[in-house]
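Here's the structure, in structure tokens; my notes come after.
The values are calculated or read from the model by the stated rules, or taken from the named source; none is laboratory data. Note that this is a predicted model, so its numbers are computed, not measured. All Cβ positions, glycine included, derive from the backbone under ideal geometry; neighbour counts span all protein chains shown. The accessibility values were calculated without ligands, DNA or RNA, using every heavy atom of the protein model including side chains. Shrake-Rupley method; radii C 1.70, N 1.55, O 1.52, S 1.80 Å.
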Amino acid sequence: MSTTVKAAVFTETGAPPSIQDLVLPDPGPGEVRVRLTAAGVCHSDLSLSNGTLPQPWPAVLGHEGAGAVEAVGAGVTEVTPGQRVILNWAPPCRECWFCAQGEPHLCEHALDRAGRTYAELTDGTPVYPGLGTGAFAEATVVPAHAVVPLPDGVDPAVAAVLGCAVLTGWGAVANSARVREGQSAVVLGLGGVGLSLLQAARLAGADPLIAVDASPAKEELARALGATDFLVADGSLTKAVRALTGGRGADHAFEVVGSAAVVRSAWNATRRGGTVTVVGVGALDDEVSFNALELFHQARTVRGCVYGSSDPARDIPVLAELVRSGGLDLAAMVTDEIPLSGVPEAFERMRQGRGGRSLVRFGA
Ligand code: CXF
Ligand code: ZN
């Protein structure tokens, strides 16, 4: 048996997807089929589509998804049909060296499924699932350990953003940088991840909390989500941040764009001994440089942050509690609700730096 669903199928680098029928096999042993409610459009989908990140074709991209389990394969005991879930695009094996070390976000097998086909077009052509998930489709088939039950009290319509933007942005603050009450923080880049990072920094008590974006249009939302200050990214950024942080620079700077120039701006915005957390996914040929003296003298820490150093199974219940208590506003990050055919326009908004998260609503 198989199930045929509509999917946004990408067939070559740089080309927009077309909506096609996708034939999903029944879930095999240890697998589940999830009927998607919504899927967020992440900057990494654009990077996979345009060749900045490697991706075999044809593929169904989309990795930030929420839905309900529709069928389970043999041996699945973690979830049952009907269970609402969030997709985890980096499911940890819990057995490798990194998992044993308590770093499941660096699991050696996290992206194993991304390199294997999982479904077919109606002519029998095998299709790859973007980041192992394939969320730009009405349904997908993933391993049972790639879904996390959606806790009660979170609106299923916007819960998808928990799966990448929120785990990544909140995790950068809570798991990676471990921002403490009263520390100063600068957030460079206010897309979906940046907006959730901003909210997490406000929850951590960052003060001042300086939001930075190339677009002045982001100011209102940034302030509504907790920024004490807003700066447009330009040549005066370092000076402006220093003026707000006792002349020193911030304790923390978060790069949420994925660009060498912004990593460098984050470095310049940080105080001596401060921490730069690189959350954005940059390109292989985009080089950042530091001279040997400044690396020593500034005594700063620069660290990469993959998937918010999170363990979705552990962290999604924590995030759900923040949503229920009103600390974390998921709906505020969603600036565009779109049909499946709206993915190319969502990519264009990201290229132009407009808006927050675009969310594909299935059946809307
Ligand atoms: C990315 C990180 C780099 C690999 C692909 C996924 N993160 C989320 O969007
Ligand atoms: Zn993502």
Which one is nearest to the chain's Cα centre (by Cα), of the residues in segment 44-69 that are buried (at least 17 other Cβ atoms within 10 Å of the Cβ) and away from ligand 1 (no atom under 14 Å from the Cβ)? A66
For the structure I just gave you, tell me whether G274 is at positive phi and open to solvent by less than 50 Å² (accessible area, probe 1.4 Å). no
Examine segment 268-286 for a residue that is assigned to a helix (DSSP H, G or I), in contact (Cβ under 8 Å) with a residue 24 or more places away in the chain and under 23 Å from S215 (Cβ atoms), and state whether such a residue exists. yes
Is segment 27-36 home to any residue that is open to solvent by less than 60 Å² (accessible area, probe 1.4 Å), within 16 Å of ligand 2 (Cβ to nearest atom) and in contact with a Gly (Cβ under 8 Å, 6 or more places away or on another chain)? yes
Here are some conditions: (1) open to solvent by 10 Å² or more (accessible area, probe 1.4 Å); (2) within 16 Å of ligand 2 (Cβ to nearest atom); (3) not in a loop (DSSP other than H, G, I, E, B). K218 meets all but one. Which one does it not meet? (2)
Residue count, segment 106-130 (criterion: open to solvent by 30 Å² or more (accessible area, probe 1.4 Å), in contact with a Ser or Thr (Cβ under 9 Å, 6 or more places away or on another chain) and closer than 23 Å to T168 by Cβ): 3
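Yes/no per residue for (1) without any contact (Cβ under 8 Å) to a residue 40 or more places away in the chain; (2) out of contact with any His (no Cβ under 6 Å at 6 or more places or on another chain); (3) closer than 25 Å to G191 by Cα; (4) assigned to a strand (DSSP E or B):
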position	(1), (2), (3), (4)
P56	no, yes, no, no
G65	no, yes, yes, yes
V69	no, yes, no, yes
V76	no, yes, no, no
F98	yes, yes, no, no
G102	yes, yes, no, no
T140	no, yes, no, yes
V154	no, yes, yes, no
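Let's see how each residue does on (1) outside the structural domain of R94 (by TED's automatic domain parsing); (2) within 21 Å of F10 (Cα to Cα); (3) of a type in the set (A, V, I, L, M); (4) more than 16 Å from the chain's Cα centre (by Cα):
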residue: I316; (1), (2), (3), (4): yes, no, yes, no
residue: V323; (1), (2), (3), (4): yes, no, yes, yes
residue: V334; (1), (2), (3), (4): no, no, yes, no
residue: I338; (1), (2), (3), (4): no, yes, yes, yes
residue: G342; (1), (2), (3), (4): no, yes, no, yes
residue: E345; (1), (2), (3), (4): no, yes, no, yes
residue: E348; (1), (2), (3), (4): no, yes, no, yes
residue: R357; (1), (2), (3), (4): no, yes, no, no
